[in-house]
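Take a look at the structure set out below.
The values are calculated or read from the model by the stated rules, or taken from the named source; none is laboratory data. Note that the structure is predicted; figures quoted are calculated from it, not measured. Cβ sites come from the backbone with ideal geometry, for glycine too, and all protein chains shown count toward neighbours.
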Amino acid sequence: MNESRDWFKTAVFYQIWVRSFKDGNGDGIGDLYGVYDKLEYLQSLGVNAIWFSPLYPSPNADYGYDISDYCNIHPEYGDLDQFQKVLDRAHELGIRVIMDLVVNHTSDEHPWFVESRKSGDNPYSDYYIWRDKPNNWSSVLEGKAWEYDESRGQYYLHLFARKQPDLNMDNPKVREEVKKILRFWLEMGVDGFREDVINFISKKEGLPNSLGILPIIGEMRYYKDGPHIHEYMQEFRDVCNEYNAVQIGEGPMTTVSSALKYLTGRRKSLDMMFSFDHMTADCLFTEYLHLPFKLVRLKKAFSKWQYSLEGKAWNTLYLENHDHPRVISRYGSEKHHRESGTMLATAYLFLKGTPFIYQGQEIGMTNIRLSSIDQYKDVSSKNNFYTYHLKDSIESRLHRIHLSSRDSSRTPVQWDGSRNAGFSEGDPWFTVNPNYVSVNVAKQDAEADSILNYYRQCIRIRQSSPALLFGEYREYYHGDPNFYVYSRSLDGETYLIICSFARERLPVILPKQFRGIRCRLILTNYPREREQGREYDLHSPGFRLYPYEAMVLRIS
Ligand code: GLC
Ligand code: CA
C-alpha cells in the first residue's frame, strides 16, 4: 500500500494494546481474533492506520516490551497466519498497519541473552552490555540499572526492568539483527514502525557515572541521543526506504532541537517523533510527583512544538497511550465526562500533525482506582510505590499510583454494558473499570452527541479541510488560565478553535483581529444549545462559553 510515504501526514492513527483490546477466543486475553472482528469499527471511526504495541512472544515482565522472539506472534494473541489475515483485511479497508520496534533491549529470555549470559566468549557474548563493575545509574522501571549474573560472573545493563537487558548496538552484528527484523515485517506487508525509546540505543563509551542528584535524569545525557545514534538510525532508514516504510520514534525527554536532528536534513532518519512535554502539565516525571493541572503548561508545550516544527518537520499529536493515565482524569473532569472528553478531543485533533487515538480514548475511558498495590500489574507502578515517598502513608502512596499508573490505560476496552463490558466471555486478565455500564462503545454508538460520535465528527472535519491538515498554527491569549484558543490558516481560509478548560461558564475575549468578522460554527460539543452552521458575532455582549465547551469556527 506504500505508493508515497507522505500518507502519514493526512492519516489518523489508532493505537492497539492488544491484551486489553478485544478477546476473540474467550480466554480472558485480548488477541488478533478480537482485532479482526473490530476492524470495521475502526473504519467507522475514520482512522487510516493502526499502531500495534508489541504482539511478539514475551514473558510480559513489561507487557510485550520485553521480547523473546522478534519474528513471531505471542501464542496468546494468535499466530503469524492470523496476523497476516488482520493485516490484509486492514489494507482492504484502507487501514495501514505499523509495528512496534523494541530494540533498545530484549527479554532476558530471548535466546541471544540466554547464550550471552553463559560466557564471555561465545557468538552472543557482545550482544549485550556487560561490565565487571556497575556504574551508579538507575533504571527507569526497576531499581538500579545493573544486575549481577551468576553464570557469567558479570553485571548487565538494563535501562528498564531487570528482565529487559540492553542490547549492545555498537556491535555491528546486533544492527544486522535489527535490519533482519525490519525486513521480516516489511516483507509481510506492514507499513512502518513505531520505534521504542529509540533515542536511547547508542550509549556513551565508558558509561560514565552520573553526577546528578536525581536518579535517571543525571545519567540520561550519557545515553540519550548518544554518540553514534544518527549513524545507526541511518542504517535502519536505508532498509525502511526500500519499502517506503514510515518510521516514528518514541523520544522520551526529547527536546525540539534534538528531535529536529532526526526529523530534518539529509539524514532525516525519522518521519515523526513522539515528544513528551505536553504530558507533564500535571506532574513531574509522570509517576514521581503529581501536581495540579495547569492549562498554561499544556499550551506552552503544544505551541512550542507547533511553532518550532513549522515548515521543517511533522508533529505527532496524542493525549493518551499505554504509558499514561487516562486524559479525562488528568486534564479534564470525570464529573463533566462528556464535555471534557469532547473538549480535549477538540483541543488536540485540530493541531498540525498526525493524531493518534489510544484504544478507549474515543469513548472517554477513565482511570481505575484499585484498593491495594497488589492489584496493579505494571512493573513501573509497583516500583514507584516501593521506591518513592516511602515516608508518606500507604493511602497517600496509593493515591499517587491512582493518579499516575500506566495500568489505567490498560484495563479492558469497554465494548458494551454486558458482563465484562463485552471484552471477553471468560475471566478478563485485568480488572474492568466498573464504569463500563455507562461508558461503553455500544451505548455511545447509539447516542448522537456521545464522545465517540464527536471523535468521528472531528476526524471527518479534519480530513476534509486542507487548512486543518496543512494550515499554519497560531495561538492567542497564551497566558489565559482557562481558554485554549488557536487558529489554523491556509490560502485565505482560517479556522478558529476555542476550548474552555473551566468548570464554570466564562466570557471569552476573542482575538482583536477577529473583531467585526463573522464566523460560521462548524462544530461544538454543546449540540443542543447552538445550531451548527449558524453565523456568529463572537464579540456580541454576553458571549460566554459553557463549562468545558469547545468550538470550531470558520472565519468567513
Ligand atoms: C517505552 C514503552 C513503555 C516501555 C518502555 C521500555 O517507553 O512505551 O511501555 O515500558 O519503552 O520498553
Ligand atoms: Ca484471547
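A few comments on the model shown:
- Complete set of residues in the stretch 37-46 that are within 22 Å of the chain's Cα centre (by Cα) and either free of Cβ contacts under 8 Å to residues at least 60 places away in the same chain or surrounded by 24 or more Cβ atoms within 10 Å (Cβ to Cβ) (or both): Lys38, Leu39, Leu42, Gln43
- Candidate set: the stretch 311-324, residues that are of a type outside the set (Asp, Glu) and closer than 22 Å to Arg410 by Cα; chosen: the one farthest from ligand 1 (Cβ to nearest atom): Leu317
- The residues of the stretch 439-460 that are of a type in the set (A, V, I, L, M) and either surrounded by fewer than 17 Cβ atoms within 10 Å (Cβ to Cβ) or under 15 Å from Lys352 (Cβ atoms) (or both), listed by number, are Ala442, Ala446, Ala448.
- Taking every residue in the stretch 237-263 that is part of a helix (DSSP H, G or I) and pairing it with any residue that is among the polar types (S, T, N, Q), at least 6 positions away or on another chain, the pairs with Cβ-Cβ distances below 7 Å are Arg237/Gln247; Arg237/Ser269; Cys240/Gln247; Val256/Ser308; Ala259/Ser275; Tyr262/Ser269.
- In the set (1) within 16 Å of ligand 2 (Cβ to nearest atom); (2) touching a residue at least 40 places away in the same chain (Cβ under 8 Å), the condition left unmet by Pro75 is number (2).
- Test: residue in the stretch 288-310 that is within 16 Å of ligand 1 (Cβ to nearest atom) and buried (at least 19 other Cβ atoms within 10 Å of the Cβ): no
- Of all residues in the stretch 283-298, those satisfying the criterion of being touching a His at 6+ places or on another chain (Cβ under 9 Å) and either assigned to a loop (DSSP other than H, G, I, E, B) or under 25 Å from Thr264 (Cβ atoms) (or both) are Thr286, Tyr288.
- Scope the stretch 372-409; condition in contact (Cβ under 8 Å) with a residue 24 or more places away in the chain and among the small types (Gly, Ala, Ser); matching residues: Ser372, Ser380, Ser381, Ser404, Ser405, Ser408, Ser409
- Per this entry, Asp392 is counted among residues that are away from ligand 2 (no atom under 16 Å from the Cβ), exposed (fewer than 14 other Cβ atoms within 10 Å of the Cβ) and either acidic (Asp, Glu) or on the phi > 0 side of the Ramachandran plot (or both).
- Condition met for Arg183 (in contact with a helix residue (DSSP H, G or I) (Cβ under 9 Å, 6 or more places away or on another chain) and assigned to a loop (DSSP other than H, G, I, E, B)): no
- Residue within the stretch 416-424 that is under 22 Å from Ala281 (Cα atoms), modelled with pLDDT of 95 or more and charged (D, E, K, R) present: no
- Among all positions in the stretch 439-459, there is at least one residue which is hydroxyl-bearing (Ser, Thr, Tyr), at pLDDT 95 or above and assigned to a helix (DSSP H, G or I).
- Meets criteria (more than 30 Å from Ser464 (Cβ to Cβ) and more than 16 Å from ligand 2 (Cβ to nearest atom)) for Gln84: yes
- Top-ranked residue of the stretch 419-438 - restricted to ones that are assigned to a helix (DSSP H, G or I), within 25 Å of the chain's Cα centre (by Cα) and away from ligand 2 (no atom under 16 Å from the Cβ), ranked as surrounded by the fewest Cβ atoms within 10 Å (Cβ to Cβ): Pro434
- Filtered by the rule that a residue be more than 16 Å from ligand 2 (Cβ to nearest atom), under 16 Å from the mean Cα position of the chain (by Cα) and of a type outside the set (Ser, Thr, Tyr), the stretch 63-72 gives no residues.
- Note on the stretch 186-219: residues that are outside any loop (DSSP other than H, G, I, E, B) and either touching a Cys at 6+ places or on another chain (Cβ under 6 Å) or modelled with pLDDT of 95 or more (or both) total 10.
- Residue check, Phe21 surrounded by 19 or more Cβ atoms within 10 Å (Cβ to Cβ), more than 15 Å from Leu87 (Cα to Cα) and either touching a strand residue (DSSP E or B) at 6+ places or on another chain (Cβ under 7 Å) or among the basic types (Lys, Arg) (or both): no
- Residue that is farthest from ligand 2 (Cβ to nearest atom) [pool: residues in the stretch 25-37 that are under 24 Å from Val102 (Cβ atoms) and not aliphatic (A, V, I, L, M)]: Tyr36
- Residues that are within 25 Å of Asp27 (Cα to Cα) and away from ligand 1 (no atom under 16 Å from the Cβ) within the stretch 89-114 comprise Arg89, Ala90, listed in sequence order.
- Considering residues of the stretch 199-215 that are free of Cβ contacts under 8 Å to residues at least 12 places away in the same chain and in contact with a helix residue (DSSP H, G or I) (Cβ under 8 Å, 6 or more places away or on another chain) only, the residue surrounded by the most Cβ atoms within 10 Å (Cβ to Cβ): Gly212
- Residues satisfying the stated conditions in the stretch 265-279, i.e. surrounded by fewer than 15 Cβ atoms within 10 Å (Cβ to Cβ) and not charged (D, E, K, R): Gly265
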